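Written out below as structure tokens is the structure these notes cover.
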Amino acid sequence: MNRHKQAGDGQPSPASSLTPWLRLAAAIGLLAAFMAFAPKLERLPGVGQRIEVLRESGINVGAWYYDDVEEYFEAEEYVRKRLGKKDRFQ
Amino acid sequence: MVENQEKQSAVTETRISMRKQMYTTEDWWAIWLAALLFVIATFSVFVWKPPVETLPEYRTTMEQEMDKAGFATIAYYEAREKLKGVQGSDHGIISAVLDLSSRPKSWTSNPLRSVYMSEEAAAEKRAAAQPRFEAAQENLQQARAKAEQAEQQARAANFQDQELNKEARAAIADWRDAKSELSSAKKAVEAKSYNLIPSLLIFMILIMVFFSIGAKFMGLNLKQFYKGFPIVFVLAVLAYLLSKQATMSALGLSYVLFALLLGLIISNTVGVPQFIKTSAQTEFFIKTGLVLLGARILIGQIALIGLPGLFVTWVVTPVVLITTYWFGQRVIKIPSKELNITVSSDMCVSGVSAAIATASACRAKKEELTLAIGMSMIFVAVMIFALPAIANLTGMHPVWAGAWLGGTVDNTGSVVAAGELIGYEAMVVAATIKMIQNILIGVIAFGVAAYWCLKVEPEKACKPGETPMKFSAGGALSEIWYRFPKFILGFIAASAVFSIMQGAVNMDWGNAMVSDGILDFANRLRGWFFCLAFVSIGLAINYNELKEPLRGGKPLILYVFGQGFNLLLTLIIAWLMFMVLFKGVTEQLMMGA
């Protein structure tokens, strides 16, 4: 990724009439509104119930590599046991 | 003269000797620093050894019980719990670092709870949890008595009566559910006050000093690095904090998304001063994290489900990757090959981890990586619910459905979540398929790096219309070696060393010392390094630059085409493998159902 110049000079568009700090406040406000609104997504039909199942199961849904998810180790053990792959236990 | 100058500027570049590269470039420093961390962790597990001598006793109990009963008994689960309790991460330096680097905790409506809870609030939480705890305790006692009784009856029949065995298994399953409920209630009833801020401050200083070792040799301005690093770190803490909100966690919106978002907000509003830019060392953080990630790519896991698993992952995934890349280049003509390969591998291998490795291997732009990850996260949030709904509605076999999910849903946590919405067997198969697919990351990163330095970069070095320079066999090797992103070597070496280590030792010992010791330590630090990297990426991107690769909606078309093809091909191959050709494997996997 280093063949390109350091992207973003961080300067707001000159066309904007808002000052940088107002833009920052507006962006933070939007993010806060999103965070406040997001739990309401759970009221959508079908979604809330499924989210509750996932929450009760304690799965780390946002993990993007297997070692952050406990169930992967359980799965490995289950598969080894079912398919008779016990050799590494000896 | 002018022509000669042009020719020279097109083909010549300032070459740094390999020796100098080894102490001045971030690729090599990523390797050295990750190696240092592995050495520290290894030293810790051997000096502060967990009680591994007790492991054979627990394993013997488990095997004796399994041999006698043919299913997991109460004694089996109790021995397993003790066995799993032996962890290198509970002792020495590893334990201290894990405590210091605690990530913000989950919260529902008060974000402060993520890093701080007063004694009063803890007492309130304990009191509120007391009735649930008492009920769970009583429930557990009853469930335990029932499980013991059912097991005794089955044991009295020498485990030959299938009906009694079935009843015992069901009662033991209920006891385990009650145990898990008690454990969750116990956590709440034992809630303690906490304040993560002081430990996070110490941790910040430690990693700042850690990275400054490399930064000094790489020629960065250390004064500016020290000045800006706390800001990058605070943004990383905030990213973790936002991702820990209960709904965000359940939707799988991880810290990666919030880290990018926070960085983007700063860089596109008030701007990023030079001292923060000096600290926001994307490449350095990401490559160090990737070398640590390599240690978790355990080649031994490739054969977990045998041929059907290999087909669904190691045949379908490369076919989808190559087809999607071809579609991007030839059909929709994506201007950037780097964007094309990053989106393709993100979509068909395993989401964020594959995107980071591929983008680093082909030196994609930061905004290209951001785009690939952003699209994948949005699609994943939909796929978690849509695919299990389709599988449930059509009555797909759990093993078939699990293989389909494992091969197609991008991020690993989301794969387990989607599988869980179908059932236990589907979850197990989905997780295993994804684990096997994860091993491909190393192969793809290596392949992409080699292809780029041999084919794509020489083409770029030529003037338009010229033929790329041809290499002799020896010249090509030397050229590949020079251009090859060296951190990939660290990534592959870490994978090879830990695969050999895990394969050579007894599995329980390996789990206690390596997996739950050295690799737990590496995993925690890796998460922080990637979080710092994603904040840095956001800080370096201008909104207008993000718009450029989106032009014409081509990346979106690429993603939708690739994912559609992936869903269809994986569905067919998983059916062929698990429902037609290797039915025996499917039956064995369903034996516990």
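The values are calculated or read from the model by the stated rules, or taken from the named source; none is laboratory data. Predicted model, so just to flag it, every value in this text is computed and none were measured. Heads up, the Cβs are rebuilt from the backbone with ideal geometry, glycines too, and the neighbour counts pull from every protein chain shown. Quick note on the areas: whole protein, heavy atoms, side chains included, nothing else; ligands and nucleic acids left out. Shrake-Rupley method; radii C 1.70, N 1.55, O 1.52, S 1.80 Å.
A few comments on the model shown:
- Close amide H partners of B:W107, meaning residues 5 or more places away or on another chain with modelled amide H under 5 Å apart, are B:Q245, B:A246.
- Rel. contact order, % - alpha carbon contacts under 8 angstrom, at least six apart, the range B:29-149: 22
- Here B:K554 is the anchor, and the lysines within straight C-alpha reach of less than 20 Å, apart from those fewer than 8 places off in the same chain, are B:K333, B:K337, B:K365, B:K366.
- Calculated accessible area for the protein assembly as shown comes out at 43 Å² per residue, all protein chains present (probe 1.4 Å; ligands, DNA, RNA ignored).
- The modelled label-to-label distance for the pair B:L36/B:A75, using points 7 Å beyond Cα in the direction of Cβ, is 5.1 nm.
- Mean residue ellipticity at 222 nm, helices only, chain B: -23500 deg cm²/dmol; runs of at least 4 DSSP H residues each add -39,500 (n - 2.57), and the sum is divided by the number of residues.
- Backbone N under 19 Å from the B:A121 label point (7 Å along Cα→Cβ), restricted to the range B:163-203: B:187-201
- The Cβ shell under 12 Å around B:S95 holds other residues with a net charge of -3, Lys and Arg each +1, Asp and Glu each -1.
- Extending 7 Å from Cα along the Cβ direction at B:K105 and again at B:K583 yields two label points whose distance is 5.3 nm.
- What you get for the protein assembly as shown, charging only the Cβ of Lys and Arg (+1) and of Asp and Glu (-1), is a dipole of about 1860 debye around the Cα centre.
- Annotation: extensible slack from B:A188 through B:E548 equals 124.7 nm (criterion: 0.36 nm per residue apart, minus Cα-Cα distance).
- Lys, Arg +1 and Asp, Glu -1 on Cβ, resulting dipole of the range B:281-381 about Cα centre, debye, nearest 20: 160
- In sequence order, calculated HN-Hα J values of the range A:57-68 (Karplus, 6.51, -1.76, 1.60; Hz; x Gly/Pro): 6, x, 6, 7, 4, x, 5, 10, 9, 4, 6, 8
- The label point for B:M66 and the one for B:A389, both projected 7 Å from the Cα toward the Cβ, are 3.9 nm apart.
- Overall Cα dimensions of the protein assembly as shown, principal axis frame, Å, largest first: 98, 60, 54
- Label-reachable residues, the range B:156-187, where backbone N falls under 18 Å from a point 7 Å from B:L98's Cα toward its Cβ: B:187
- Förster radius 60 Å - calculated FRET efficiency between B:R155 and B:L206 (Cβ-Cβ, nearest 0.05): 0.65
- In sequence order, calculated HN-Hα J values of the range B:327-335 (Karplus, 6.51, -1.76, 1.60; Hz; x Gly/Pro): 4, x, 7, 8, 8, 9, 6, 5, x
- Table column - 3J(HN,Hα) (Hz), the range B:110-123, Karplus curve with 6.51, -1.76, 1.60, x for Gly and Pro: 10, x, 4, 4, 5, 10, 8, 9, 6, 5, 5, 5, 5, 5
- With R₀ set to 56 Å, the beta-carbon distance separating A:L30 from B:K84 gives a calculated FRET efficiency near 0.80.
- For the range B:500-593, the Cβ-based charge dipole about the Cα centre amounts to some 380 debye (Lys, Arg positive; Asp, Glu negative; other atoms uncharged).
- Summed over both chains, the contact between A and B buries some 7000 Å² of accessible surface at a probe radius of 1.4 Å.
- In plain terms, the bigger the Kirkwood radius, the slower the diffusion; for chain B, with that radius from Cα pairs, at 37 °C and 0.692 mPa s, Stokes-Einstein puts D at 124 µm²/s.
- Between the residues B:N139, B:A191, B:M117, the greatest Cα displacement towards the positive end of the dipole of the range B:86-195, with unit charges on the Cβ of Lys, Arg, Asp and Glu, is found for B:M117.
- Taking a straight line from the alpha carbon of B:K49, these lysines sit under 21 Å away, with near neighbours fewer than eight places off in the same chain left out: B:K82, B:K84.
- Along chain B, longest interval not containing exposed trypsin sites (Lys or Arg not before Pro), exposed being DSSP loop plus at most 14 other Cβ atoms within 10 Å: B:16-191
- Accessible surface of B:L321 - all protein chains present, 1.4 Å probe, nearest 10 Å²: 20
- Under 22 Å from the Cα of B:K216 - lysines, other chains or at least 8 residues apart: A:K5, B:K20, B:K227, B:K277, B:K287, B:K486
- With R₀ set to 60 Å, the beta-carbon distance separating A:K81 from B:N221 gives a calculated FRET efficiency near 0.60.
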